[in-house]
Amino acid sequence: MLERIEARAAAERLTILGGFATEPGDGLPEGTQSLLLLGPREPGFWPHLTAQPEWQDGRPDPVDRWSERVIARLAHEIGAFPVFPFGGPPWWPFYGWALRTGRAFASPVRLIVHDEAGLFFSCRGALALRERLEPARGVSPCTDCANRPCLTACPAGALGAGGYDVPACHAFLESPAGTSCLDRGCAVRRACPRSQGHARMEIQSAYHMRQFHR
C-alpha cells in the first residue's frame, strides 16, 4: 500500500516523508491506525505547483489551497482522512508527528532536519489511514556532520544553538543585508549539507521567506 500511495502522490510532485503507527491518545479520527506525512518531491515540485489553478487565480494562500485540494483527493481515493498543518486553531502537532516518524530529527539549531530533505523539511499535509503500516525509519544526517555549519550560518545571529530569535530575524530582513535571505531563502537552511542535495529551487525558498516576513 505504501508503494501505491507513493505513486499517486508522485503524480502531484509529493512524497511520503515518513509515517508511524498511531495510538488511541493521538486524537485522530476513530479507526486511524497509521499516519503518513506528505511533502514536496524534488526536483520538480515548484514548477508543478506554480502551474496549478490555485497559483494562477490570484487569490490568497495558493500553496495551502493546492495542498488541501490534492491531498484531500488522494485521501478520498484511498479511504483515508486528510489533515493539514494549516487552518487552525486548533493546530495538529506536526512537529511532534515528524519526530515520531524516525526520519525527522531535532537539528542543532532546533529546526527539524529530515534524512532526505535536510533543513528544507516541509509538510504539506498528512493521511490518517485505517491500515496499520510501519514505514521505514532513517538516521539523522546530523550524526556524521562534523562541521555543523547550521550553527554559524545565520548572518543575523538570530538562529543557532540557543534557538530562534524571531524579532532579530525580521529586523535583519528589513535591512539591506537581509536581501540575500529574502531572495534565496534562509541561510541556515541552505547551509545544511543534506539540504544542498535536495534540489529545492531558490525561488521556492524566497516565496516562503517573503510569506514569513510579510
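Derivation of every value follows stated rules applied to the coordinates shown; laboratory data play no part. Being a predicted model, the structure only gives us computed values, none of them experimental. Glycine also receives a Cβ, built like all others from the backbone with ideal geometry; neighbour counts cover every protein chain displayed.
Of the listed values [x] 17.4, 53; [y] 16.6, 49; [z] 19.0, 69, grab the one calculated as Rg and Dmax of the Cα atoms in Å from the structure here.
Here the calculated entry is [x].
Using 0.36 nm per residue of separation minus the Cα-Cα distance, give me the extension gain between ASP26 and ARG4 in nm, one decimal.
5.4 nm
Just subtract the alpha-carbon distance of MET201 and PHE86 from 0.36 nm times their residue separation and send over the number in nm, one decimal.
My answer for the length gained is 39.1 nm.
Give me D for the range 2-129 in µm² s⁻¹, whole number, from Stokes-Einstein with Rh from the Kirkwood sum over alpha-carbon pairs, 20 °C and 1.002 mPa s.
142 µm²/s
Tell me which trypsin sites (Lys or Arg not before Pro) from the range 80-180 have a DSSP coil assignment and no more than 16 other beta carbons within 10 Å of their own.
Answer by residue number: ARG110, ARG130, ARG132, ARG137.
What 222 nm value per residue comes from the helices of the chain, counting each DSSP H run with n ≥ 4 as -39,500 (n - 2.57) and dividing by all residues, nearest 500 deg cm²/dmol?
The per-residue figure over the chain is -9500 deg cm²/dmol.
Consider a paramagnetic label point 7 Å from the Cα of ALA72 along Cα→Cβ; state which residues of the range 3-45 have an amide N under 13 Å from it.
Within reach of a label on ALA72, which here means backbone N under 13 Å from a point 7 Å along Cα→Cβ, the range 3-45 contributes nothing.
Between ALA106 and ARG59, how high is the FRET efficiency from 1/(1 + (r/R0)^6) when r is the Cβ-Cβ distance and R₀ = 25 Å? Nearest 0.05.
So, using R0 = 25 Å, E works out to roughly 0.10.
Between the alpha-carbon centers of the range 100-135 and the range 161-214, tell me the distance in whole angstrom.
Using only Cα atoms, the two centres lie 20 Å from each other.
Take the alpha carbon gyration tensor of the range 149-213, find the square roots of its eigenvalues, order them as a ≥ b ≥ c, and report rounded if a/c is under 1.5; if not, report prolate when a/b exceeds b/c, else oblate.
oblate
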